[in-house]
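To keep things clear, I will list the structure first and then write my remarks on it.
What follows is calculated from the coordinates using simple rules that are stated; it is not laboratory data. Nothing here was measured: the structure is a model prediction, and the numbers come from that model. As a convention, Cβ positions derive from the backbone with ideal geometry for all residues, glycine included, and neighbour counts pool all protein chains shown.
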Amino acid sequence: MQLGDGLSAVVTGGASGLGAATARVLAAEGVKVALFDLDEARGREVAERTGGLFCRCDVTSADAVAAALEQARSEHGTERITVNCAGIAIGKRTVRRDRETGALEPHDLESFSKVIHINLIGSFNVLSQSAAGMLALEPLTPDGGRGVIVNTASVAAQDGQLGQVAYAASKGGVAAMTLPVARDLAGDGVRVVTILPGLFDTPMFATLPDDIRDALGASVPFPSRLGDPQEYAALVRHICENDMLNGECIRLDGAVRLAPK
């Protein structure tokens, strides 16, 4: 797919981090970008800077996603590119032992379900509704390509750490559905690729003390630093442009492998 004027994109989690960087890179290529997020203040700021559109959206709600897509399509036309970056992380072990009393407490189902709903179900909710719109479009490439969907998992999908059971399960689900969704949509020319970022300098790490951030960056074999969201966005751009990339999960991690903790 050749990026440029006339194409439109939807980016979830577009108000910050990987999503905001992706919005900037696609907009620089002339793509009209709609940002789906719950953070209205930051979302509108990114939209203003990129000449895009902010749509307040809860990705776990089918109705909210449908309404946001309708808003985006009325302004920009049906999207050819969808990038799922919306996600959260929590740190809880499967069973917690109270240090004072020794009492055992299982991981609460509410927070586990919340992570699954946002990271996994939210990604599927957006991609399935977006794909339905893409399939109604005319082919854009000589091979019959109609669009591309990029999902965001995590290296935790493959080497999750202590306390990452909910996060790793959600991101593992995103990675696992990549191939079957790509196969489902292949006959209609919609590609599906998932990126597994490693340790990236996103709001998730912004609140950590500098010494911990430095230690995390030093744990990456090469380059020994936290990833720049622009590097994630550059891979999204390449996936859009390289029609042979389909049904694949790509680690973007500087060769890091997460230790147990």
Given the chain, what percent of its DSSP beta bridges are antiparallel, to the nearest 5?
10
For the chain, build the charge dipole from Cβ charges (+1 Lys, Arg; -1 Asp, Glu) around the Cα centre, then report which of 144, 119, 90 sits farthest towards its positive end.
90
Residue 92: which lysines have alpha carbons under 22 Å from its alpha carbon, excluding same-chain residues fewer than 8 sequence positions away?
114, 171, 261
Once the Cα atoms of helix 122-135 and of the chain are each reduced to a long axis, what angle between those two axes, in degrees from 0 to 90 to the nearest 10, is obtained?
10
For each of 250, 212, count neighbouring Cβ atoms within 10 Å of the residue's Cβ, then give the residues from fewest to most.
212, 250
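Using just the helices of the chain, give the 222 nm mean residue ellipticity in deg cm²/dmol: DSSP H runs with n ≥ 4 each add -39,500 (n - 2.57), and the total is spread over all residues, rounded to 500.
Working: 10 runs with 111 residues, N = 261.
It comes out at -13000 deg cm²/dmol, rounded to the nearest 500.
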In a shell of Cβ-Cβ distance under 13 Å around residue 194, excluding residue 194 itself, what net charge do Lys and Arg (+1) and Asp and Glu (-1) give?
+2
Measuring from the longest principal axis of the C-alpha atoms of the chain, the long axis of helix 40-50 (C-alpha) lies at a number of degrees, nearest 10, equal to 50
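Can you tell me which of 174-183, 125-134 comes out highest on packing, and rank the rest after it, using the mean Cβ neighbours within 10 Å? Working shown, then result.
Working: 174-183: 17.3, 125-134: 20.8.
Descending mean neighbour count gives 125-134, 174-183.
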Compute the helix-to-body angle for 165-186: its Cα long axis versus the longest principal axis of the chain, expressed 0 to 90° and rounded to tens.
20
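Can you put 219, 113 in order of Cβ neighbours within 10 angstrom, beginning with the fewest?
Values: 219 16, 113 12.
The most exposed by this proxy come first: 113, 219.
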If you count, for each residue, the other Cβ atoms within 10 Å and average over each peptide, how do 101-111, 200-210 line up from highest to lowest?
200-210, 101-111
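With both bridge residues required to lie in the range 1-127, what share of the DSSP beta bridges run antiparallel, to the nearest 5%? Before the final figure, lay out each step's value.
Values: 3 of 16 bridges.
Taking every DSSP beta bridge with both residues in the range 1-127, the antiparallel ones total about 20 percent.
Enter the per residue convex hull volume of the chain, computed from alpha-carbon coordinates, in Å³ rounded to the nearest integer.
Working: hull volume 33.4 nm³, N = 261.
Enclosed volume per residue, from the Cα hull, is 128 Å³.
What order, most packed first, do the peptides 11-21, 186-196, 65-75 have when packing is the mean number of other Cβ atoms within 10 Å of each residue? List each step's numbers first, then the result.
Details: 11-21: 27.7, 186-196: 20.7, 65-75: 17.7.
Packing proxy ranking, top to bottom: 11-21, 186-196, 65-75.
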For the range 76-151 and the range 157-196, what is the separation of their C-alpha centers, rounded to whole Å?
9
Give me the dipole magnitude in Debye, nearest 20, for the chain about the Cα centre, with unit charges on the beta carbon: positive for Lys and Arg, negative for Asp and Glu.
500
Near the amide H of residue 250, under 5 Å away, which other amide H atoms are found, from residues 5 or more places off or on another chain, if H is placed in the peptide plane?
194, 195, 196
